[in-house]
Amino acid sequence: MLRRDKKLLRAPVAWGIVANIADVALFFVAFASLGVIPNPAPILIAFGVASIAGLVVVTPGGAGAYEAIMVAFLGIAGISHGTALAGVLLARIILLLFTIGVGYFFYQHALIKYGKKRKRL
């Protein structure tokens, strides 16, 4: 079906791009809340490298390796290691809580809409 109609991929690709932009923006907001306005280039590069590493690591979402790579790269890029650690952890915790909240909402919605009906005896 995809070979015949490539337009089917437009929406998923667009949403994937929006999700990645939102993730990167969250890092900027996290660092801004700590009083640091970082250069966008190191944030984008660290995000890309950490995301690739997150695919290889066996932990969910690359937990641990993702944060370590982000902090190490941002430290090399000139952000203090303490600020880098605080910013990365703040962004990841917010992302995790948001993901759980939205996932729970849609899970409940799916249960209501598509859940099995119980038969009355």
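The values are calculated or read from the model by the stated rules, or taken from the named source; none is laboratory data. None of these values were measured; they are calculated from a predicted model. Cβ sites come from the backbone with ideal geometry, for glycine too, and all protein chains shown count toward neighbours.
Would a scan of segment 86-100 turn up a residue that is under 13 Å from the mean Cα position of the chain (by Cα) and more than 16 Å from Phe27 (Cα to Cα)?
As a first pass, look at segment 86-100 and keep what is under 13 Å from the mean Cα position of the chain (by Cα): 88-100.
Now narrow it down to the ones that are more than 16 Å from Phe27 (Cα to Cα): 100.
Yes.
For segment 50-69, give me each residue that is over 18 Å from Leu85 (Cβ atoms), aliphatic (A, V, I, L, M) and assigned to a helix (DSSP H, G or I).
Residues satisfying the conditions are Ile52, Leu55, Val56.
Would you tally the residues in segment 31-76 being in contact with a His (Cβ under 7 Å, 6 or more places away or on another chain) and surrounded by 18 or more Cβ atoms within 10 Å (Cβ to Cβ)? Steps first, answer last, please.
So in segment 31-76, the residues in contact with a His (Cβ under 7 Å, 6 or more places away or on another chain) come out as 71, 75.
Filter once more, keeping what is surrounded by 18 or more Cβ atoms within 10 Å (Cβ to Cβ): 71.
Number of matching residues: 1.
Quick one: Ile112 ticks every box in (1) farther than 23 Å from Ile21 by Cβ; (2) not in a helix (DSSP H, G or I) bar one, so which box is it?
(2)
With respect to Ile79, is the statement that it is surrounded by 15 or more Cβ atoms within 10 Å (Cβ to Cβ), closer than 29 Å to Leu34 by Cβ and modelled with pLDDT under 95 true? Full working, then the answer.
Numbers: surrounded by 15 or more Cβ atoms within 10 Å (Cβ to Cβ): yes; closer than 29 Å to Leu34 by Cβ: yes; modelled with pLDDT under 95: yes.
Here the answer is yes, as Ile79 does meet what is asked.
Need pairs with beta-carbon distance below 8 Å; first residue under 22 Å from Pro42 (Cα atoms) and within segment 87-103, second at pLDDT below 90 and loosely packed, with under 12 Cβ neighbours inside 10 Å; sequence gap 6+ or separate chains.
none
Results for (1) in a helix (DSSP H, G or I); (2) in contact (Cβ under 8 Å) with a residue 60 or more places away in the chain; (3) under 22 Å from Thr83 (Cα atoms); (4) touching a helix residue (DSSP H, G or I) at 6+ places or on another chain (Cβ under 6 Å), shown as yes or no for each residue.
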| position | (1), (2), (3), (4) |
| --- | --- |
| Arg4 | no, no, no, no |
| Asp23 | yes, yes, yes, no |
| Gly35 | no, no, yes, no |
| Pro38 | no, no, yes, yes |
| Ile43 | yes, no, yes, yes |
| Gly48 | yes, no, yes, no |
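Answer yes or no as to whether Gly87 is part of a helix (DSSP H, G or I), surrounded by 15 or more Cβ atoms within 10 Å (Cβ to Cβ), at pLDDT below 90 and not charged (D, E, K, R). Spell out how you get there, then give the answer.
On the way: part of a helix (DSSP H, G or I): yes; surrounded by 15 or more Cβ atoms within 10 Å (Cβ to Cβ): yes; at pLDDT below 90: no; not charged (D, E, K, R): yes.
Here the answer is no, as Gly87 does not meet what is asked.
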